[in-house]
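Trainee: Input: one structure, supplied below.
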Amino acid sequence: DLDDEIPLAYVGGAWASDSSHYFYTVPDELMRPWQIWRHQLGAVSSEDVMVFEETDERFYLSVRRTRSGAFVVIAAESRVTADALVVPADDPLAAPRRVLPRVAGVEYSVDHKADDFWIVTNEDALDGRLMSMSTNGSTPFEVVAHEPGVKLAAVSCFADHVVVWGRRDGLSGAMIVQSGETPRWLEMGEDVYDVYPGPNHEFESSVLRYGYQSMTTPPSVYDHDLESGERELLKETPVLGGYDRTEYVASREWASARDGARIPVSVVRHRSTSVDGSAPLVIYAYGAYEIALDPWFSIARLSLLDRGVVFAVAHVRGGGELGRAWYEDGKMANKEKTFFDLIDVTEHLIDEGFGAGDRVAIRGASAGGLTVGAAMRCRPDLFRAVVAEVPFVDVVNTMLDEDLPLTVTEWEEWGNPNVPEQYEWLLAYAPYEDLGDVDHYPAILATAGLNDPRVSYWEPVKWVAKMRAFGVGTRKLLLKTEMGAGHFARSGRYDMWEDEAFVLAFILEELGVTETA
């Protein structure tokens, strides 16, 4: 251990090539990383040098090394705009320079190999295109053109290959770019799945490590040789108790929205559960920030499936499953489409026999808590139970409070209620402001974390208090506040399992499920 101490360091950091200079982020009073500083080993922190400062409150800063190790990258990102500055790792005292000019509404990410920067950008390409440009600042040229609905999200360079992480057909994936060859996507063997980058620390390697899971396949680690095409399973998360994946069936459904859009739905059930309209049904939804809610494996979920419950993920608008347009069609003035999509997915699954009309529970967390809360307000008759975890339900008041950590940056996602038109958007759907037909609400479990910096604990508390004051009939209305938790569950594996068991017990009781399949 060295005597060096950096008291203000925040998340993230990067070393220069000399292993003596370290770049780190510093947050402001609202915990927004807004400065990048440089520390030299052996020096006191008061001698550290500020390298870059972002005064626009919409932007967050981060710092990292390119995989080649040649550059330190300072990334500045808001909800709709991003750019990057670089410092040569072998010249840490150099002033940072921008890779491309910052343009409002344009996002790009950058990596490096040989003499070129490789860039994924949405400039003149809604879902992204791949560009390359010399590190000396020449004009970028296009390597992979924009294809609507095929999302190119981030680039990762190897010495002889370029990997672009993105999405197609609503599913995550990796596209391999190699000189002289047509770009190709890695193929997976299931209808619904999630694939994501592994550590990949070695730059001089032809092996891509990635993670993989599906609703029936536990999280796994694979090595894929980019030259031979050979794929090796290195590790699969063990599931105790004799798990047999062939006992479960996962599929992709497409529900029709009221405006004609096709909504992807991921469904999993026990093979013995009939699709005849009699099964209890649990639907999970999110729908914000262009975050794709990719199908995931859950050991705890098996306790639902083994009891004959059908589980579905509604990939509603506002998420990123079907590209940038899918996201933009579910935000700002279009936000109510997110909630209507969940309602339309629920009706589709009932009509197709996946669940009984009187045995449906919906679940969502954070922005997903807003989704289920707003859907419930619109159609309280459609759901038997609602689980809203740390729900963002006091939208208007939170967006009016600029002293909260995330408010200003969130205006580009939800709207600014100081603007009259945008205030009307928010007021039209905010669950706390308009409870709707409270006499017929489903059973509700709302959770909160006392130390939550994203959704303040008073949002679900106020929501529940108002519902209790106005009356919600005879069904349960529970508020569970964790006094030691933040935005998610309590720390510790067993505490997390206990929290999940509580939620599942609530759902099973409300859906009338007491026996295993």
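The values are calculated or read from the model by the stated rules, or taken from the named source; none is laboratory data. Owing to the predicted nature of the structure, the values given are computational and were not obtained by experimental measurement. Positions of Cβ are generated from backbone atoms using ideal geometry, with glycine treated the same way; all protein chains shown enter the neighbour counts. Surface accessibility is based on the protein's heavy atoms, side chains included, excluding ligands, DNA and RNA. Shrake-Rupley method; radii C 1.70, N 1.55, O 1.52, S 1.80 Å.
Trainee: Return the residue satisfying two criteria in turn: it lies in region 307-355 and is aliphatic (A, V, I, L, M), open to solvent by 10 Å² or more (accessible area, probe 1.4 Å) and in contact with a Leu (Cβ under 8 Å, 6 or more places away or on another chain), and of such residues it is farthest from Phe488 (Cα to Cα).
Mentor: Ile350
Trainee: When both residues are 6+ apart or on different chains and their Cβ atoms are under 7 Å apart, which pairs have a first residue that lies in region 457-485 and is surrounded by 14 or more Cβ atoms within 10 Å (Cβ to Cβ), and a second that is of a type in the set (Lys, Arg)?
Mentor: Pairs found: Leu477/Arg468; Glu482/Arg490.
Trainee: Further, regarding this structure: Quick check on my filter: what residues within region 144-168 are open to solvent by 10 Å² or more (accessible area, probe 1.4 Å) and of a type in the set (Phe, Trp, Tyr)?
Mentor: Once the filter is applied, which keeps residues that are open to solvent by 10 Å² or more (accessible area, probe 1.4 Å) and of a type in the set (Phe, Trp, Tyr), region 144-168 yields only Trp165.
Trainee: Tally up the residues in region 261-279 that are open to solvent by less than 10 Å² (accessible area, probe 1.4 Å), under 14 Å from Phe311 (Cβ atoms) and within 29 Å of the chain's Cα centre (by Cα), please.
Mentor: Residues in region 261-279 being open to solvent by less than 10 Å² (accessible area, probe 1.4 Å), under 14 Å from Phe311 (Cβ atoms) and within 29 Å of the chain's Cα centre (by Cα): 4 in total.
Trainee: Considering region 201-219 alone, what residues qualify as being part of a strand (DSSP E or B) and aliphatic (A, V, I, L, M)?
Mentor: Result: Val207, Leu208.
Trainee: Pull out all pairs, ordered by first then second residue, where Cβ-Cβ is under 9 Å, the residues are six or more apart or on different chains, the first lies in region 261-287 and is among the acidic types (Asp, Glu), and the second is open to solvent by less than 20 Å² (accessible area, probe 1.4 Å).
Mentor: Within 9 Å, the pairs are Asp276/Gly353.
Trainee: Next question. Would you say Ala159 is under 16 Å from Val110 (Cα atoms), in a loop (DSSP other than H, G, I, E, B) and of a type outside the set (Lys, Arg)?
Mentor: yes
The rows are residues; the columns are (1) polar (S, T, N, Q); (2) loosely packed, with under 15 Cβ neighbours inside 10 Å.
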{"residue": "Ser205", "(1), (2)": "yes, no"}
{"residue": "Arg209", "(1), (2)": "no, no"}
{"residue": "Ser214", "(1), (2)": "yes, no"}
{"residue": "Leu240", "(1), (2)": "no, yes"}
{"residue": "Trp254", "(1), (2)": "no, yes"}
{"residue": "Asp259", "(1), (2)": "no, yes"}
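Trainee: Let me ask another. Step by step: first the residues of region 169-185, then only those that are open to solvent by less than 40 Å² (accessible area, probe 1.4 Å) and over 14 Å from Leu226 (Cβ atoms), then the one that is modelled with the lowest pLDDT. Which residue is that?
Mentor: Ranking the candidates gives Gly170 first.
Trainee: Same structure, new question: If I ask for residues that are open to solvent by 10 Å² or more (accessible area, probe 1.4 Å) and closer than 15 Å to Val461 by Cβ, which ones from region 391-407 would you list?
Mentor: Phe392, Asn397, Thr398 - these are the residues of region 391-407 that are open to solvent by 10 Å² or more (accessible area, probe 1.4 Å) and closer than 15 Å to Val461 by Cβ.
Trainee: Considering only region 243-274, state which residues are within 16 Å of Val345 (Cα to Cα) and outside any strand (DSSP E or B).
Mentor: Passing the criteria: Ala257, Arg258, Asp259, Gly260, Ala261.
Trainee: Next question, about the same structure. Here are Ala125, Ala153: which of them is in a loop (DSSP other than H, G, I, E, B) and either of a type outside the set (Lys, Arg) or farther than 23 Å from Leu322 by Cα (or both)?
Mentor: Being in a loop (DSSP other than H, G, I, E, B) and either of a type outside the set (Lys, Arg) or farther than 23 Å from Leu322 by Cα (or both) holds for just one of Ala125, Ala153, which is Ala125.
Trainee: Taking the residues in region 391-420 that are free of Cβ contacts under 8 Å to residues at least 40 places away in the same chain and within 21 Å of Thr447 (Cβ to Cβ) as candidates, determine which candidate is farthest from the chain's Cα centre (by Cα).
Mentor: Checking each candidate, the answer is Asn397.
Trainee: Ala428: more than 21 Å from the chain's Cα centre (by Cα) and small (Gly, Ala, Ser), yes or no?
Mentor: Spelling it out, Ala428 is indeed more than 21 Å from the chain's Cα centre (by Cα) and small (Gly, Ala, Ser).
Trainee: Just name the residue that is farthest from the chain's Cα centre (by Cα) out of those in region 366-390 that are surrounded by 24 or more Cβ atoms within 10 Å (Cβ to Cβ) and of a type outside the set (A, V, I, L, M, F, W, C).
Mentor: Gly373
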